[in-house]
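Have a look at the structure below before the remarks.
The values are calculated or read from the model by the stated rules, or taken from the named source; none is laboratory data. Quick caveat, the model's predicted, so the values are computed rather than measured. Methodologically, a virtual Cβ is constructed for each residue, glycine included, from the backbone with ideal geometry; neighbour enumeration extends over all protein chains shown.
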């Protein structure tokens, strides 16, 4: 790691002010940032530790939704009785990611801002437009088995690794943020991540120094919820694909550089299409690259299975 | 930076480069080399320690982030002459071979039982239910600790014995 | 002239009066390992604070370093030195005729501007702290002139040649025999390149005692070659290198040699006059140390309708580094496994610009059984025979390749007992018949075989005035249980409780042993220990009977018994400690040694087993879960039931991983492996392994060594992966012959079958 200075923020307001310093970055759990700093892929000059800010609460909102403080650990969210009762799919998506040790450290805000696990991004000897703009994309014609099938560009075919984000996208969640100016705003999770286009190094809709303070989940939609993930081993592994279903809403994971809201499939389902037909309509827009062709049938089959699980869950009782 | 961490019950004052990870602070500064560096990227679990009672990867944390925290390492659980029940169970069941992942496995197992007691769910936990103690739950919850010697069946047996008070 | 018959005499291990042989005693060093107090190489506390070295790997697969910019690294805070080939100390070339083993593995570090593989250490930085060293290492800038590299194994099969000094082995006339067979199978399997991924990355700590003596702690399986190689590199006498490797965080063959961490730590410690320690990063391990090479295996089986093999061929293509000669002998085991009058086996080697290939747990068998043991499953289906029965029908009476009798061969018993214990009779012969929730369930089996070896070794035994027996040997314990089995052999041989035995190994100043590898460790080190122990018994007996102060005085030394720490002749006795304290207060030390018997080659000597596996296959996603697995093994007398079982179950899980998880694809554009850490390289985790156990049959192999023991460290992963693959077929009807069987591959197979 390159030398940096470190401070613990006294408040969210102080944190966003401190973040105006050149090269400043927030750190909370640190599980992704430190991973990348050790590889010299991230090199902040100043770290602002926001991990102890009193923003870890998980509260029911008046309308029956949830407000999750950005500093809540993944474990805390997954274990929260209200989450498990009303948003079981969110809890299940969280525990499908990482390991208990990582989930104990990782925070909700940072989870959403994880960077891709693309092998070419992680190897500084390889071209990667995300790591080094203009250097090219090693994955485009490389070993891209786990590359995106939606929303990619010739500049970047990486995927977003978060499980939790897929669940939150299907739940229509929004993030609340605080800017240095003191301005707060709210952004749909589905819009938080920018499409790679020809600027894959610009990853989110957040401005420099803007801090995620909370995630707000609206009331669960009618119908069942389910989350399924397929990976190369039974646990502690990134996914090949995942599907989150909440009522009539569906999001797909590890198929794009963001949690991919399957709007075409949702529209088809709303029109009465059967699950296979609905997901086929979504996948009509997929652009696999060869080695990741399997993601198209995998998502098709997994989506049908996940929708069926959600239906069963709904019939068993409530959302759960 | 000067920080204080209570390590295994003893307040330790350290003057550290902010870049020092909690793992390197333990291993290189405090000479507590029981916590191992298997990958240094949170991908193996050999560095698992308890921070304020919660298991974490010490390699993916800066020591300065733990100023004021209480950290328990494998050395804090027991000693060769006075083994913690989990350490004894690992010995009895031969739940290790090369021994390099072992301190992390044991710290992880101790914390795992506490998480289990607290009702934290895992992918093996049925929806809406409290987790039921089973081999499948142990396996899932111990999956953040890789053992290349592959003592996995012995580890499950050891944890089961320790949890059920047989060790 | 030594003979296996020399080993026929009774000895304390065979007699096993105290019952310590075979007992599942706890690991000798276990209390240290479970408390984190066993110091591995990087953790040893040197006499003064160490400096920290960090290596930098090459960014190309083949070419030349054209320019070096280390100014920024040298100017970085805390940096003590920064080396490339331009300023690294000169090192004599390694290897002498007398000691060719020391030529293996790494060459002098930072030797020249040549880059021979991606990740080859090409620069080295030492600083006062680890943080400063790592930061400085990122500031090293190297320019390269890349040359065309050749890394695409599957595209270069036509360039394969015979491995040096080898020829195909043909018995009978394979082509005719195959053509004349009523039932024929001709299929090709592929296995990928694999990495050892020992949990402890290679690491070394070195310091100098005066100008000419180097102390080095490192993580290596073989002590003497490491000591000799380092001495040659440093240009000092062998005895001026004190090499220690007391605790080793996994080896699996990958630490059978040393790497540049050791060389650079020693050179930098000399240059700086202070201790220096150097560890590979996890990322550096993938390219910077050896790997198991990929293979292509063509298996042809020709049988009669009765299931008897008439023709068998196994040809393996594999690869090694352009400058190397290592061959993954995946076809070798097939020479001894099944009877067939017409046989053809051999290997072809492609030289590539990938990093060095080398031995990885059960080299040969681990890869080779993944084809032949599945081919047998396919043949059984063609014949309408049970796969267990097919194997039993092809059980040879003598080694089918050389006609030698087997020293012991209990394969059929392993097959039968395994089938019964596992419930093999519940297997449906037709695939895809059993469902459990979302899972299709199938059963599979495979045979296991792995050779047994005995190498020359020495050992010393001491007894002190407290009656404590100390075993000393330049042997290693890589998790295999060496400490423990040596303690058991010593305790049983000298008739003392286990608590009265100390074991010191992993030190070049102790009597030499070949180290850990090829599952020869316990038999080799243990036999030398038995010999030393017998010599100590004789010395103690002579001492007692010759000492007028002893109640045993004037007795026949041959009548002295050793039990419970007491030496006795009938009812005349005293404690061992009383005897030594009085008659030899400084203690006694003797050596012993073992050598292979010259007639041992008259027998075909192997270890055997049978694997049974139950998997679940999700036909929607292609996911596979191992639900249940049992291995039954016959591997000579077992010294420690607990550690041997752990070795076997560990090996079985390696087989599971080979079937389902492991592999490291090559990106041909860059000549590098795609998986460079433990998130990308898929090892099995706890959740991947269901109920899994290993059972050992009673056996004594009197042709193996004086104790009748054999190795188990590699037997477990011979055949285990094939049992998994066969179970997958039985579950869902999809045969995949390219490993690993990942969800994407299995999904394609399921879709192709209309599932």
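So residue B:9 clears everything in (1) away from chain C (no Cβ under 12 Å); (2) in contact (Cβ under 8 Å) with a residue 12 or more places away in the chain; (3) within 25 Å of residue A:4 (Cα to Cα) except one condition, right? Which one?
Against the list (1) away from chain C (no Cβ under 12 Å); (2) in contact (Cβ under 8 Å) with a residue 12 or more places away in the chain; (3) within 25 Å of residue A:4 (Cα to Cα), residue B:9 comes up short only on (3).
Check the range C:183-195 and report whether any residue there is within 14 Å of chain B (Cβ to nearest Cβ), touching a strand residue (DSSP E or B) at 6+ places or on another chain (Cβ under 8 Å) and surrounded by 24 or more Cβ atoms within 10 Å (Cβ to Cβ).
yes
Give the range A:241-252 a look and list any residue that's part of a loop (DSSP other than H, G, I, E, B) and at negative phi, or say none.
Matches in the range A:241-252: A:248 only.
Considering only residues of the range B:87-112 that are more than 7 Å from chain C (Cβ to nearest Cβ) and within 11 Å of the chain's Cα centre (by Cα), which is nearest to residue B:46 (Cα to Cα)?
Only one residue fits best here, namely B:104.
Kindly evaluate residue C:698 against the criterion of being in a loop (DSSP other than H, G, I, E, B), free of Cβ contacts under 8 Å to residues at least 40 places away in the same chain and under 20 Å from residue C:522 (Cβ atoms).
In short, yes.
Quick check on the range C:668-682. Is at least one of its residues closer than 25 Å to residue C:372 by Cβ and either more than 14 Å from chain B (Cβ to nearest Cβ) or modelled with pLDDT of 95 or more (or both)?
Yes, there is a match, as at least one residue in the range C:668-682 is closer than 25 Å to residue C:372 by Cβ and either more than 14 Å from chain B (Cβ to nearest Cβ) or modelled with pLDDT of 95 or more (or both).
The conditions are (1) more than 14 Å from chain B (Cβ to nearest Cβ); (2) under 18 Å from residue A:237 (Cβ atoms); (3) assigned to a loop (DSSP other than H, G, I, E, B); (4) touching a strand residue (DSSP E or B) at 6+ places or on another chain (Cβ under 8 Å), and residue A:161 fails exactly one of them. Which is it?
(1)
I want to confirm something. Restricting to the range B:65-84 and keeping residues that are buried (at least 24 other Cβ atoms within 10 Å of the Cβ) and under 19 Å from residue A:29 (Cβ atoms), which single residue is farthest from the other protein chains (Cβ to nearest Cβ)?
Top of the filtered list is B:71.
Assuming residue A:85 fulfils every condition listed in (1) touching a strand residue (DSSP E or B) at 6+ places or on another chain (Cβ under 9 Å); (2) surrounded by fewer than 24 Cβ atoms within 10 Å (Cβ to Cβ); (3) part of a helix (DSSP H, G or I) apart from one, which condition is it?
Of everything listed in (1) touching a strand residue (DSSP E or B) at 6+ places or on another chain (Cβ under 9 Å); (2) surrounded by fewer than 24 Cβ atoms within 10 Å (Cβ to Cβ); (3) part of a helix (DSSP H, G or I), residue A:85 misses just condition (1).
Assigned to a loop (DSSP other than H, G, I, E, B) and closer than 28 Å to residue A:100 by Cβ, is that true of residue A:255?
For residue A:255, the condition - assigned to a loop (DSSP other than H, G, I, E, B) and closer than 28 Å to residue A:100 by Cβ - is met.
Please note which strands (runs of 3 or more DSSP E) are completely contained in the range C:495-581 and include at least 1 residues that are without any contact (Cβ under 8 Å) to a residue 40 or more places away in the chain.
Filter on the range C:495-581 gives C:501-504, C:566-569, C:572-575.
Take the range C:238-251 and flag every residue that is more than 22 Å from residue C:45 (Cα to Cα) and touching a residue at least 12 places away in the same chain (Cβ under 8 Å).
Result: C:251, single match.
Restricting the search to the range C:450-468, which residues are surrounded by fewer than 24 Cβ atoms within 10 Å (Cβ to Cβ), at pLDDT 95 or above and more than 17 Å from residue C:706 (Cβ to Cβ)?
Selection gives C:460, C:462, C:464, C:465, C:466, C:467, C:468.
Could you list, in sequence order, all residues of the range C:624-648 that are within 14 Å of chain B (Cβ to nearest Cβ) and crowded, with 24+ Cβ neighbours inside 10 Å?
C:626, C:629, C:630, C:631, C:638, C:639, C:640, C:643, C:644, C:646, C:647, C:648
Would it be correct to say that residue C:367 is part of a helix (DSSP H, G or I) and either over 21 Å from residue C:665 (Cβ atoms) or without any contact (Cβ under 8 Å) to a residue 24 or more places away in the chain (or both)?
It is false that residue C:367 is part of a helix (DSSP H, G or I) and either over 21 Å from residue C:665 (Cβ atoms) or without any contact (Cβ under 8 Å) to a residue 24 or more places away in the chain (or both).
Does any residue of the range C:495-505 turn out to be out of contact with any helix residue (DSSP H, G or I) (no Cβ under 6 Å at 6 or more places or on another chain), buried (at least 19 other Cβ atoms within 10 Å of the Cβ) and closer than 30 Å to residue C:717 by Cα?
Scanning the range C:495-505 turns up at least one residue that is out of contact with any helix residue (DSSP H, G or I) (no Cβ under 6 Å at 6 or more places or on another chain), buried (at least 19 other Cβ atoms within 10 Å of the Cβ) and closer than 30 Å to residue C:717 by Cα.
Looking only at the range C:459-468, which residues are in a strand (DSSP E or B) and more than 12 Å from residue C:540 (Cα to Cα)?
C:459, C:460, listed by residue number.
Take the conditions more than 7 Å from chain C (Cβ to nearest Cβ), without any contact (Cβ under 8 Å) to a residue 40 or more places away in the chain, within 24 Å of residue C:45 (Cα to Cα) and not in a loop (DSSP other than H, G, I, E, B) and apply them to residue B:23. Does it pass?
Against the criterion (more than 7 Å from chain C (Cβ to nearest Cβ), without any contact (Cβ under 8 Å) to a residue 40 or more places away in the chain, within 24 Å of residue C:45 (Cα to Cα) and not in a loop (DSSP other than H, G, I, E, B)), residue B:23 qualifies.
Considering only the range A:266-320, state which residues are in contact with a helix residue (DSSP H, G or I) (Cβ under 7 Å, 6 or more places away or on another chain), under 30 Å from residue A:141 (Cβ atoms), in a helix (DSSP H, G or I) and within 12 Å of another protein chain (Cβ to nearest Cβ).
Of everything in the range A:266-320, those that are in contact with a helix residue (DSSP H, G or I) (Cβ under 7 Å, 6 or more places away or on another chain), under 30 Å from residue A:141 (Cβ atoms), in a helix (DSSP H, G or I) and within 12 Å of another protein chain (Cβ to nearest Cβ) turn out to be A:296, A:297, A:298, A:299, A:300, A:303.
Yes/no per residue for (1) touching a residue at least 60 places away in the same chain (Cβ under 8 Å); (2) farther than 30 Å from residue C:117 by Cβ:
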site	(1), (2)
C:646	yes, yes
C:661	yes, no
C:687	no, yes
C:692	yes, yes
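Are there strands (runs of 3 or more DSSP E) fully within the range C:1-102 with at least 1 residues that are surrounded by fewer than 20 Cβ atoms within 10 Å (Cβ to Cβ) and over 28 Å from the mean Cα position of the chain (by Cα)? List them.
C:63-69
Limited to the range B:124-140, what total is found for residues that are away from chain A (no Cβ under 11 Å) and part of a loop (DSSP other than H, G, I, E, B)?
3
What is the one condition in (1) within 7 Å of another protein chain (Cβ to nearest Cβ); (2) in a helix (DSSP H, G or I) that residue B:143 does not satisfy?
(2)
Are there helices (runs of 4 or more DSSP H) fully within the range A:92-157 with at least 3 residues that are under 30 Å from residue B:139 (Cβ atoms)? List them.
Because the criterion is at least 3 residues that are under 30 Å from residue B:139 (Cβ atoms), the helices (runs of 4 or more DSSP H) in the range A:92-157 that meet it are A:100-105, A:108-112.
Are any residues in the range A:213-240 on the phi > 0 side of the Ramachandran plot and surrounded by 24 or more Cβ atoms within 10 Å (Cβ to Cβ), and if so, which ones?
Answer for the range A:213-240, where residues must be on the phi > 0 side of the Ramachandran plot and surrounded by 24 or more Cβ atoms within 10 Å (Cβ to Cβ): just A:236.
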